[in-house]
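Working notes, beginning with the structure itself.
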Amino acid sequence: MTTQHRWFSNPTNIYWTCKALIEGRTISHKTEIREVKGWRLAAIVHRLKDSFNWPILTEFRGPDSIAHYRLSPGTDPALLRFPPSAKQLLDEIGGQE
C-alpha cells in the first residue's frame, strides 16, 4: 500500500497565487478552484497588494464581472516582497529577501 504525502506536495493557495502571477499568468477564482481547490483568491490578492505592495491589476470580465488578476507589465518578480508561505519562490527566481 502506498501512502501519498499530499500535505507536503500540494502548495498552499498563497504559494500557488504568487507563483502563477510571477509566471505571467492571468488568474481567476475559477482557475484557483480548478488547480488547487482554493476559494480565497480575492483575499490573497488583497493581502499581496495591501501588505506586500504587489502591483496586481484586476480586470472584471463577462456579464458576471468575474475578477481576473495579473501582475502589472514590467514587474520584476525578484524585487517583490513575498509572504512567508511563498518565500521559497525567492530561491527559484533568484530574488532578494
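The values are calculated or read from the model by the stated rules, or taken from the named source; none is laboratory data. None of these values were measured; they are calculated from a predicted model. Note that each Cβ is placed from the backbone with ideal geometry, even for glycine, and that neighbours are counted across all protein chains shown.
For the list (1) out of contact with any Ser or Thr (no Cβ under 6 Å at 6 or more places or on another chain); (2) modelled with pLDDT under 95; (3) aliphatic (A, V, I, L, M), I need the number of the one condition that Ile44 fails.
Tallying (1) out of contact with any Ser or Thr (no Cβ under 6 Å at 6 or more places or on another chain); (2) modelled with pLDDT under 95; (3) aliphatic (A, V, I, L, M), Ile44 fails exactly one: (1).
Which of the residues spanning the stretch 39-74 are in contact (Cβ under 8 Å) with a residue 24 or more places away in the chain and either of a type in the set (S, T, N, Q) or more than 18 Å from Ser28 (Cβ to Cβ) (or both)?
Correct list: Ser51, Phe52, Asn53.
Residues being surrounded by 14 or more Cβ atoms within 10 Å (Cβ to Cβ) and among the hydrophobic types (A, V, I, L, M, F, W, C): count how many of those fall in the stretch 31-41.
The qualifying residues number 2.
Being loosely packed, with under 12 Cβ neighbours inside 10 Å, modelled with pLDDT of 95 or more and among the acidic types (Asp, Glu): is that true of Asp91 here?
No, not satisfied.
Any idea which residue in the stretch 10-20 is nearest to the chain's Cα centre (by Cα), counting only those that are free of Cβ contacts under 8 Å to residues at least 60 places away in the same chain and more than 10 Å from Ile44 (Cβ to Cβ)?
Result: Ala20.
Yes or no: Leu80 surrounded by 14 or more Cβ atoms within 10 Å (Cβ to Cβ) and in contact with an Asp or Glu (Cβ under 7 Å, 6 or more places away or on another chain)?
So Leu80 fails the test.
Of all the residues that make up the stretch 43-77, how many are among the small types (Gly, Ala, Ser) and surrounded by 14 or more Cβ atoms within 10 Å (Cβ to Cβ)?
Of the residues in the stretch 43-77, 1 are among the small types (Gly, Ala, Ser) and surrounded by 14 or more Cβ atoms within 10 Å (Cβ to Cβ).
Which one is nearest to the chain's Cα centre (by Cα), of the residues in the stretch 29-68 that are of a type in the set (Ser, Thr, Tyr) and closer than 14 Å to Thr17 by Cβ?
Only one residue fits best here, namely Thr31.
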